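Trainee: One structure, pasted below without further comment.
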Amino acid sequence: MAVEKQTIPAARLPVGAPRLPVGREVRRWRQSRGLTLAQVGARSGLNVGYLSQIENEKAVPSLEALATIAEALDVPAAWLLLDSSTPPRVVRAADRPRIAGPGGAVVEEVDAGTSRDVCILEVVVPPGNATGVHAHHGDEHHVVLEGRWRMTQGEHVEELGPGDYLAWDPTVPHDVEVVGDVPGRILVIYPRQGRRSAAGSADGGGRS
């Protein structure tokens, strides 16, 4: 016995009402899956005309219909409520803000201030140079890209090479030195609002 497809009354939006990008996202996922409206209709049991109205922002699906469409598209229902039209933030290497750091270092802000929660710095330091003992607030993470680094904090001394990671509490005074015969290059990541000079720091706190 043939199963009759559901025809759900289209919910109309009042003029000027805020719109979720459901229709656009349904269409985008359907097309990325290589499906036609008829195929989605066959999978979901929903009327093709109703699906077309949804995709063209002429109808708003109920939560039940949204879940059914998401299952037909093989995506979480919440994804259909997200706005994917906002482009990603891109910072080209040539556009990074650059400042001179202590000991001949060159500091580039990788994210150029676009990140809401973290600051990412790429620091290049000549061999044999150090930042000097300093301290500041905010968790601090390091990933070595090139060279050999000696990281000193209290009684702890760690020598790191490419690919190594170190995190510490930067309120405890620390020093960073490039050892060996080649320049060192390192990523430093810390909370954007968290880095400020700690009491008793040997400098302004603007170092790794």
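The values are calculated or read from the model by the stated rules, or taken from the named source; none is laboratory data. Since the model is a prediction, treat every value here as computed from it, not as a measurement. Every residue, glycine among them, receives a Cβ derived from its backbone with ideal geometry; neighbour counts consider all protein chains shown.
Trainee: Taking region 75-130 as the region of interest, how many residues are aromatic (Phe, Trp, Tyr) and in contact with a Ser or Thr (Cβ under 6 Å, 6 or more places away or on another chain)? First the steps, then the outcome.
Mentor: So the first thing to find is which residues in region 75-130 are aromatic (Phe, Trp, Tyr), and the list is 79.
If we keep only those that are in contact with a Ser or Thr (Cβ under 6 Å, 6 or more places away or on another chain) as well, we get none.
Matching residues across region 75-130 total 0.
Trainee: If you don't mind, another one. Need pairs with beta-carbon distance below 8 Å; first residue under 20 Å from Gly147 (Cα atoms) and within region 84-107, second of a type in the set (A, V, I, L, M) and loosely packed, with under 11 Cβ neighbours inside 10 Å; sequence gap 6+ or separate chains.
Mentor: Listed by first residue and then by second, the contacts come to Val106/Ala100; Val107/Ala100.
Trainee: How many of the residues making up region 58-83 are acidic (Asp, Glu), in contact (Cβ under 8 Å) with a residue 40 or more places away in the chain and farther than 25 Å from Thr114 by Cα? Step through it out loud before you land on a result.
Mentor: Let us first name the residues in region 58-83 that are acidic (Asp, Glu), namely 64, 71, 74, 83.
Next cut, in contact (Cβ under 8 Å) with a residue 40 or more places away in the chain only: 74, 83.
Next, only the ones that are farther than 25 Å from Thr114 by Cα stay: 74.
Residues that pass the stated criteria total 1.
Trainee: Quick one: in region 115-132, of everything that is at pLDDT 90 or above and part of a loop (DSSP other than H, G, I, E, B), which residue is surrounded by the most Cβ atoms within 10 Å (Cβ to Cβ)?
Mentor: Filtering first and then ranking leaves Asn129.
Trainee: Just name the residue that is farthest from Arg92 (Cα to Cα) out of those in region 146-169 that are aliphatic (A, V, I, L, M) and surrounded by 14 or more Cβ atoms within 10 Å (Cβ to Cβ). Don't jump to the end; show me each part of the working.
Mentor: Here is the first cut: in region 146-169, the ones aliphatic (A, V, I, L, M) are 151, 157, 160, 166-167.
Subsequent filtering for residues that are surrounded by 14 or more Cβ atoms within 10 Å (Cβ to Cβ) retains 151, 160, 166.
On the way: Met151: 30, Leu160: 28, Leu166: 26 Å.
Among those that are aliphatic (A, V, I, L, M) and surrounded by 14 or more Cβ atoms within 10 Å (Cβ to Cβ), it is Met151.
Trainee: What are the pairs, 6+ residues apart or on separate chains, where a residue within region 26-41 that is over 9 Å from Leu73 (Cα atoms) has its Cβ under 9 Å from a residue that is hydroxyl-bearing (Ser, Thr, Tyr)?
Mentor: So the pair list comes out as Arg28/Ser84; Leu37/Ser52; Gly41/Tyr50.
Trainee: So is Val60 in contact with a strand residue (DSSP E or B) (Cβ under 8 Å, 6 or more places away or on another chain), modelled with pLDDT under 95 and β-branched (Val, Ile, Thr) or not? Before you say what the answer is, go through the steps one by one.
Mentor: Values: in contact with a strand residue (DSSP E or B) (Cβ under 8 Å, 6 or more places away or on another chain): yes; modelled with pLDDT under 95: yes; β-branched (Val, Ile, Thr): yes.
Yes, satisfied.
Trainee: Tell me, please, whether a residue that is under 18 Å from the mean Cα position of the chain (by Cα) and under 16 Å from Glu177 (Cβ atoms) can be found in region 142-156.
Mentor: yes
Every residue, every condition in (1) aliphatic (A, V, I, L, M); (2) closer than 21 Å to Leu37 by Cα; (3) more than 27 Å from the chain's Cα centre (by Cα); (4) outside any loop (DSSP other than H, G, I, E, B), yes or no:
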| residue | (1), (2), (3), (4) |
| --- | --- |
| Leu66 | yes, yes, yes, yes |
| Ala72 | yes, yes, yes, yes |
| Val75 | yes, yes, no, no |
| Trp79 | no, yes, no, yes |
| Ser85 | no, no, no, no |
| Pro88 | no, no, no, no |
| Val91 | yes, no, no, no |
| Ile99 | yes, no, no, yes |
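Trainee: Hey, can you tell me all the residues within region 149-183 that are outside any loop (DSSP other than H, G, I, E, B), closer than 20 Å to Ile120 by Cα and of a type outside the set (Asp, Glu)?
Mentor: First, pick out the residues of region 149-183 that are outside any loop (DSSP other than H, G, I, E, B): 149-153, 156-160, 165-168, 174-179.
In the following step, the residues that additionally are closer than 20 Å to Ile120 by Cα were identified as 149, 151, 160, 165-168, 174-178.
Within region 149-183, Trp149, Met151, Leu160, Tyr165, Leu166, Ala167, Trp168, His174, Val176, Val178 meet the criteria.
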